[in-house]
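I have placed the structure first, in the form of structure tokens, so that the comments after it can refer back to it.
The values are calculated or read from the model by the stated rules, or taken from the named source; none is laboratory data. Not measured: the values here are computed from a predicted model. In this analysis, Cβ positions are derived from the backbone assuming ideal geometry, glycine residues included, and neighbour counts consider all displayed protein chains. Surface accessibility is based on the protein's heavy atoms, side chains included, excluding ligands, DNA and RNA. Shrake-Rupley method; radii C 1.70, N 1.55, O 1.52, S 1.80 Å.
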Amino acid sequence: MRRLLVTGSVLLALLGSVAAGDPGAPPLPERLADTGGGSQLITAEAPSEGSTTGTVTWWEWRRGGWSEAGSAPARFGANGLTEGSARTQGTNTTPTGLYDLPYAFGIEEAPAGTGYPYRRVNDRSWWCQDNDARSYNRWVEPRPADCRATEAEHLVTYGTQYAHALVIGFNYEQPVRGRGAGIFLHVNGRGATAGCVSVPAAAMSRILAWADPARRPHIAIGTRSGPTAITRY
């Protein structure tokens, strides 16, 4: 019985170390349920569901293990984070989950070294968020008649945030209307986002120069613990 109690105590201590981000704990990607199957991964972790700030880290699989390639402070939705599979559009929450990164875009030229498919924004570029439009949750150019301007983002008007960005594949492959549209990893604006993840401009440029489509990068978004813990995805 004494041996069992000691073993239980050690296990609890180890779990506490992992939850607290102990430097001796396995790298975060090794604690995730899934990493997307590629050899690059971005994690966006917040302390709790109500948090508007946290950390974005990008990782590489090399020599049989995950190693950190870079890290930056992150911002999340003005109303925190929520389970991506149950998210409601217009709630200003960042969806948690594991997502692919279909392509990059920006108002400015792609940073030097960018190998990701990169689409340049112009004054005819919109992102349709109209639930009644055929092009819901898609880049449109020009904006079609069935996508109301009041229900779309005119990308060029977000000069700071969309200087450089990556599309996050939330609700993208087979969009569920009413769940949300236009979720990106982009440059910081003045404060919290409307549901995206944002990082400082220098970090966004580094991520785009680092990301290699041949290595199938994904992004995992979640909280440190609880029902939306990043380790669940």
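Residue count for segment 188-198, restricted to those that are buried (at least 24 other Cβ atoms within 10 Å of the Cβ) and in a strand (DSSP E or B): 2. The residues of segment 90-132 that are among the aromatic types (Phe, Trp, Tyr) and crowded, with 19+ Cβ neighbours inside 10 Å, listed by number, are Tyr99, Phe105, Tyr116, Trp126, Trp127. When Ser125 is tested against (1) hydroxyl-bearing (Ser, Thr, Tyr); (2) free of Cβ contacts under 8 Å to residues at least 40 places away in the same chain; (3) touching a Gly at 6+ places or on another chain (Cβ under 9 Å), just one condition goes unmet, and that condition is (3). If only residues of segment 175-187 that are outside any strand (DSSP E or B) and surrounded by 24 or more Cβ atoms within 10 Å (Cβ to Cβ) are counted, the one that is nearest to the chain's Cα centre (by Cα) is Ile183.
In the set (1) under 19 Å from Pro29 (Cα atoms); (2) within 11 Å of the chain's Cα centre (by Cα); (3) not hydroxyl-bearing (Ser, Thr, Tyr), the condition left unmet by Arg75 is number (1).
Considering only residues in segment 212-233 that are open to solvent by 10 Å² or more (accessible area, probe 1.4 Å) and of a type in the set (S, T, N, Q), the one that is farthest from the chain's Cα centre (by Cα) turns out to be Ser225. Counting only strands (runs of 3 or more DSSP E) that sit wholly inside segment 63-174, those with at least 1 residues that are among the charged types (D, E, K, R) are 65-75, 81-83, 94-100, 118-120, 138-140, 152-154.
Within segment 66-89, the set of residues being open to solvent by 30 Å² or more (accessible area, probe 1.4 Å) and closer than 15 Å to Ala203 by Cα comprises Glu68, Ala69, Ser71, Pro73, Arg75.
Residue check: Ala209 meets all listed conditions (1) outside any helix (DSSP H, G or I); (2) surrounded by fewer than 19 Cβ atoms within 10 Å (Cβ to Cβ) but one, namely (1). Criterion first (under 12 Å from the mean Cα position of the chain (by Cα) and either of a type in the set (S, T, N, Q) or assigned to a strand (DSSP E or B) (or both)) does Thr57 satisfy it? Answer is yes for this residue.
Among residues of segment 154-165 that are in contact (Cβ under 8 Å) with a residue 24 or more places away in the chain, those with a beta-carbon under 7 Å from a residue that is open to solvent by 20 Å² or more (accessible area, probe 1.4 Å) and assigned to a helix (DSSP H, G or I) at least six positions away or on a different chain give the pairs Ala163/Ala201; His164/Ser205.
When you look at Arg224, is it of a type in the set (D, E, K, R) and under 17 Å from Thr114 (Cα atoms), yes or no? The answer is no for Arg224. For segment 133-153, enumerate the residues that are touching a residue at least 40 places away in the same chain (Cβ under 8 Å) and either loosely packed, with under 15 Cβ neighbours inside 10 Å or more than 19 Å from the chain's Cα centre (by Cα) (or both). Listed by number, the list holds a single entry, Tyr136.
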